[in-house]
Structure formats: C-alpha cells, structure tokens
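J.: Before we start, here is the structure in question, set down as structure tokens.
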Amino acid sequence: MIKAIRTNLLNPLSPYKTHFMPNVFISFENDIIVSISSKKPQHNWQDLTHTICLPGLIDAHVHLSQYNAKGKHSSGLLEWLNTYIFIEEKRSQHETYAHQISEHFFRETFAYGTTTTVIYTAPYFQACNIAFETATKLGARSMIGKTMMDRNSPDYLQETTQKSLKESFQLCEKWHQSTPLLDYIFSPRFAPVCSPTLMQEVGKYAHKNNIFIQTHLSENTSEIKWVTELFPEANSYTDVYARNNLLYENTILGHVIHISETELELIKKYNSKIAHCPDSNFFLKSGTFPYEKILDKGIKFALASDVGAGSSLSMLNVMKMANYRQEKYIVSPSEALYYATLGAAEIIGKKDEIGSIEVGKQADLAFFQTQNLQEKDEILSELLYLSSDKIAEQTIIAGKTVHQKNSTK
C-alpha cells in the first residue's frame with residue numbers, strides 16, 4: 001500500500017548545500033520512498049503542509065542506560081562517572097528497570113525526530129538484550145552494544161574478560177541484523193577499563209565479521225594521563241587502540257578532543273570515524289572539539305547527544321551546540337544538519353539507505369513545525385536556534401509512524 005504526505009522538504013546534499021522543495025508529495029510503499037513530486041497523487045495523502053520535513057535525525061553516540069542521569073553536575077568526566085553514572089548503570093541489572101528505561105528512551109528519541117541511534121547499554125547481558133527487544137517492539141532503527149569493562153571498574157559493573165567477550169559475542173550472534181533495522185556494535189567503554197586481551201579479541205571478531213566498534217578517545221585530560229600510566233609502551237592514547245586492534249574503518253571514536261597531529265594521522269590511516277558530542281563536552285567542561293583540524297584531515301564525523309552527559313536527546317539542540325562550542329569556526333545550519341543526517345549515515349555505513357530523502361531510500365522522516373516555511377536559510381536557522389526542545393509533529397521509521405504529537409499512543 002502506497003502512502004503519501006504533502007509537506008515542505010529540506011534535504012541535505014553536502015555539508016554546504018541543502019535542497020529546499022516546498023509543497024511536495026513524498027510517497028512511500030512499505031519502507032521505501034517511491035516518489036517525490038509536486039503532482040498530487042491519485043491515492044489518499046496526509047496533509048502536513050504546515051511542517052518542514054527532514055530526513056530522520058541520527059544520534060551517533062548515546063548511552064541508553066544513562067538516560068535518567070542527565071544533569072548531574074560534576075567537576076569532570078572521571079568524578080562524574082564514579083559519583084553518578086556507574087551507580088545509575090547498576091540499576092539496569094534489574095529487568096523491570098531495564099524495560100522501563102528502554103521504553104522511555106526510545107519514545108523520547110522518536111518525539112525529537114531521531115530515527116537512528118548508536119547506543120551503549122550498561123555492562124549487563126539483560127540490559128542490552130532488553131534494549132534490543134524494546135527497539136524491535138517499537139520499530140526503532142538502532143545499533144546497540146553492551147558496554148564492556150573488565151578492569152579498574154566498580155565490582156558491580158566489572159566482568160571477567162571471558163564473560164565480557166562471551167556475552168558480547170552471544171548478543172551479536174542473536175541480534176546483529178536480526179531485522180533490517182537492527183545491528184550490533186561492540187562497545188569497549190574506553191582503554192582504562194579494558195584489558196589488552198579484551199580489546200584485541202573484540203577487534204579480531206569485529207574485523208572478521210565486519211561488525212562496528214565504538215569506544216571513547218581523548219575526552220578529558222585526566223583520562224589521558226591515566227591511559228599514559230596504564231599503557232607506558234604506547235606512543236599515545238590513539239596508539240593504544242591501534243596496537244590492540246580496535247581501529248579500523250568500522251570504528252566510531254567518541255569525543256576526540258585533546259588530540260595530536262600524529263594521532264589524527266593514525267585515525268586517518270585506519271579510516272576510523274568520530275562521534276562529536278558538543279553538548280556533553282560543554283557540560284563536563286571536557287574541552288573544544290578540534291573541528292577545523294578534523295575537516296582538514298578529511299576524517300569523517302557525525303554529531304551525537306552523548307546522553308547522559310548530554311543534557312537532551314534532541315539532535316536539534318546538538319546541532320545548535322555544534323556551532324556554540326566553536327570559538328572561531330562558524331558551523332552553518334546547513335553543515336550541522338548534514339552531520340546529523342547524511343554525514344551521520346555515512347559514518348555508520350548506511351548512506352545508501354538513510355540520511356537523506358531520496359527515491360529508493362528508506363522512509364525515515366521527521367516533521368517539524370516552524371514559523372517560516374518559505375526561506376530555506378531562515379527555516380534552518382530557526383530549527384537550530386529556536387527549537388532545542390521542539391517536539392516533532394510526526395516521526396516515521398521505515399514507513400511506519402512511531403510518533404505523532406498529541407497522540408495518546
């Protein structure tokens with residue numbers, strides 16, 4: 001059955017070019033967009049001409065099990081983790097709580113127009129398994145991984161190396177591509193809490209089976225000092241990951257703030273990608289993302305909320321913060337949109353499926369109300385700077401409505 005929606009379309013083509021198509025009909029059959037036309041279709045259509053349609057937004061780095069710990073002030077990353085986050089993640093060992101937080105998390109992402117999430121869960125098998133079950137039930141498009149920690153961690157979170165590997169491999173075998181919307185992503189938290197054996201074995205399995213890896217890199221100066229003490233043989237924090245088989249083309253590195261030219265060259269050499277988390281970086285006073293250096297190196301990156309250090313799951317808020325956090329470089333609205341849509345789709349290997357609204361791509365769509373529906377630049381500017389907590393009018397994933405404003409669903 002073909003469905004159609006009449007709306008005004010903003011489509012990212014590159015970081016510097018966004019295509020505006022007013023008053024068009026987007027038609028999709030099942031999960032695929034079949035036409036984009038100004039001609040009225042013969043079948044029934046929904047009138048959303050009071051909205052702007054964007055490609056479904058993509059959050060490239062977010063911690064589902066930290067969803068209820070937003071806004072916990074601290075002096076820095078390591079203190080914040082030990083004071084609030086590890087204790088919060090412990091709650092997800094209980095199945096009832098894991099079900100509750102997963103449901104709330106996905107429903108809020110849908111409400112903000114986010115259709116794809118790249119997720120860390122707490123380091124418990126059931127927490128990750130339940131996140132996948134909930135994503136399946138609600139129709140979320142997601143890459144999900146169980147956080148891995150086998151040393152230097154609280155007793156209630158730390159696993160043995162073999163348990164961490166075994167459960168992660170089991171979850172991957174159960175859920176990876178179990179539906180067209182779901183993928184597994186291996187999630188060693190960061191080098192200080194992961195043994196060389198754990199990292200090496202994850203890398204070996206991921207490379208062999210072409211599975212994505214995500215971890216954190218150079219977020220905080222105290223973290224970097226700790227890594228230097230734990231890995232004296234390595235030339236740098238990035239070199240730790242290179243030596244232990246975690247860097248490759250399907251690796252997503254979160255943050256990457258305090259980074260040398262040599263390390264950037266290493267990331268470029270392995271064609272690894274970066275998840276840029278401006279709101280989180282600001283909240284924890286971690287530092288400023290070296291935006292221009294990353295661009296100059298040609299390293300691919302995307303925007304991410306990094307909830308719970310991020311204050312909101314709204315990717316519109318993240319897009320605004322991407323510009324606010326740069327002292328000299330001006331991140332244009334067009335650029336910010338690209339790195340939350342098509343650019344993000346590229347770093348997760350799904351550029352041919354999602355990230356822009358094109359015939360043949362998945363019908364992942366987010367509809368927002370704006371005051372201006374005529375001028376492309378003004379619409380984009382309003383979306384970024386006046387919409388931090390804006391709820392989508394409607395959100396569609398793979399052709400199915402997962403959120404409708406004011407709906408009792």
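J.: So for the stretch 132-141 (the condition being in contact with a Cys (Cβ under 9 Å, 6 or more places away or on another chain), among the aliphatic types (A, V, I, L, M), modelled with pLDDT of 95 or more and surrounded by 15 or more Cβ atoms within 10 Å (Cβ to Cβ)), does at least one residue qualify? If you could, list the steps in order and put the result at the bottom.
T.: Kept after step one, since they are in contact with a Cys (Cβ under 9 Å, 6 or more places away or on another chain), are these residues of the stretch 132-141: none.
Among the residues of the stretch 132-141, not one is in contact with a Cys (Cβ under 9 Å, 6 or more places away or on another chain), among the aliphatic types (A, V, I, L, M), modelled with pLDDT of 95 or more and surrounded by 15 or more Cβ atoms within 10 Å (Cβ to Cβ), which makes the answer no.
J.: For the stretch 138-159, state whether one or more residues are over 18 Å from Gly254 (Cβ atoms) and of a type in the set (Val, Ile, Thr).
T.: So far as the stretch 138-159 goes, no, none of its residues is over 18 Å from Gly254 (Cβ atoms) and of a type in the set (Val, Ile, Thr).
Yes/no per residue for (1) open to solvent by 10 Å² or more (accessible area, probe 1.4 Å); (2) modelled with pLDDT of 95 or more:
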position	(1), (2)
Leu266	yes, yes
Ile274	no, yes
Ile294	no, yes
Lys297	yes, yes
Ser311	yes, no
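J.: Another one. Which count do you get for residues in the stretch 227-262 that are over 27 Å from Ile144 (Cα atoms) and acidic (Asp, Glu)?
T.: Final tally of qualifying residues: 3.
J.: Here's a follow-up. Can you pull out the residues in the stretch 227-242 that are among the aliphatic types (A, V, I, L, M) and either assigned to a loop (DSSP other than H, G, I, E, B) or without any contact (Cβ under 8 Å) to a residue 12 or more places away in the chain (or both)?
T.: To start, the set of residues in the stretch 227-242 that are among the aliphatic types (A, V, I, L, M) comprises 227, 230, 234, 240, 242.
Residue satisfying the conditions is Ala234 alone.
J.: Could I ask something else about it? So, Lys208, is that one open to solvent by 10 Å² or more (accessible area, probe 1.4 Å), more than 17 Å from Pro123 (Cα to Cα), touching a residue at least 12 places away in the same chain (Cβ under 8 Å) and among the basic types (Lys, Arg) or not? Outline the logic, then answer.
T.: Details: open to solvent by 10 Å² or more (accessible area, probe 1.4 Å): yes; more than 17 Å from Pro123 (Cα to Cα): yes; touching a residue at least 12 places away in the same chain (Cβ under 8 Å): no; among the basic types (Lys, Arg): yes.
Taking the combined requirement at face value, the residue does not satisfy it.
For (1) over 26 Å from Glu89 (Cα atoms); (2) among the acidic types (Asp, Glu); (3) free of Cβ contacts under 8 Å to residues at least 12 places away in the same chain, each residue gets a yes or a no:
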| residue | (1), (2), (3) |
| --- | --- |
| His276 | no, no, no |
| Asp279 | no, yes, no |
| Leu284 | no, no, no |
| Gly287 | no, no, no |
| Ile294 | yes, no, no |
| Ile299 | yes, no, no |
| Gly310 | no, no, no |
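J.: Could you check the stretch 113-129 and list, in sequence order, the residues that are in a helix (DSSP H, G or I) and in contact (Cβ under 8 Å) with a residue 40 or more places away in the chain?
T.: Correct list: Phe125, Ala127, Cys128, Asn129.
J.: Let me ask something additional. List, please: which pairs have Cβ atoms under 9 Å, are six or more places apart or on different chains, and start with a residue in the stretch 75-95 that is farther than 16 Å from Phe283 by Cβ and end with one that is surrounded by 15 or more Cβ atoms within 10 Å (Cβ to Cβ) and β-branched (Val, Ile, Thr)?
T.: Taking only residues 6 or more apart or on different chains, the pairs are Glu89/Thr121; Glu89/Thr147; Arg91/Ile101; Ser92/Ile101; Ser92/Thr121; Ser92/Ile130; Glu95/Ile130.
J.: Going through the stretch 211-250 one residue at a time, which ones are open to solvent by 70 Å² or more (accessible area, probe 1.4 Å) and within 30 Å of His176 (Cα to Cα)?
T.: Correct list: Arg243, Glu249.
J.: Would the stretch 95-112 turn up any residue that is assigned to a loop (DSSP other than H, G, I, E, B), closer than 28 Å to Ala345 by Cβ, of a type in the set (Lys, Arg) and open to solvent by 20 Å² or more (accessible area, probe 1.4 Å)?
T.: Taking the stretch 95-112 as the starting set, the residues that turn out to be assigned to a loop (DSSP other than H, G, I, E, B) are 112.
From the residues that got through so far, the ones that are closer than 28 Å to Ala345 by Cβ too are 112.
Retained after the next criterion (residues that are of a type in the set (Lys, Arg)): none.
No: the stretch 95-112 contains no residue that is assigned to a loop (DSSP other than H, G, I, E, B), closer than 28 Å to Ala345 by Cβ, of a type in the set (Lys, Arg) and open to solvent by 20 Å² or more (accessible area, probe 1.4 Å).
J.: Looking only at the stretch 243-277, which residues are within 19 Å of Ile224 (Cα to Cα) and in a helix (DSSP H, G or I)?
T.: Arg243, Glu261, Thr262, Glu263, Leu264, Glu265, Leu266, Ile267
J.: Filtering the stretch 58-94 down to residues that are closer than 26 Å to Ala336 by Cα and charged (D, E, K, R), which residue is modelled with the highest pLDDT?
T.: For the stretch 58-94, the residue satisfying everything is Asp59.
J.: Identify, by number, the condition in (1) surrounded by 13 or more Cβ atoms within 10 Å (Cβ to Cβ); (2) more than 21 Å from the chain's Cα centre (by Cα) that Val62 doesn't meet.
T.: (2)
J.: Something else now. Within 16 Å of Ala131 (Cβ to Cβ), in contact with a helix residue (DSSP H, G or I) (Cβ under 7 Å, 6 or more places away or on another chain), modelled with pLDDT of 95 or more and of a type outside the set (Lys, Arg): is that true of Glu167 in this structure?
T.: Spelling it out, Glu167 is indeed within 16 Å of Ala131 (Cβ to Cβ), in contact with a helix residue (DSSP H, G or I) (Cβ under 7 Å, 6 or more places away or on another chain), modelled with pLDDT of 95 or more and of a type outside the set (Lys, Arg).
The values are calculated or read from the model by the stated rules, or taken from the named source; none is laboratory data. None of these values were measured; they are calculated from a predicted model. A quick note on method: Cβ atoms are made from the backbone with ideal geometry, for glycine too, and the neighbour counts reach across all protein chains shown. Note: accessible area is taken over every heavy atom of the protein model, side chains too, but ligands, DNA and RNA are not part of it. Shrake-Rupley method; radii C 1.70, N 1.55, O 1.52, S 1.80 Å.
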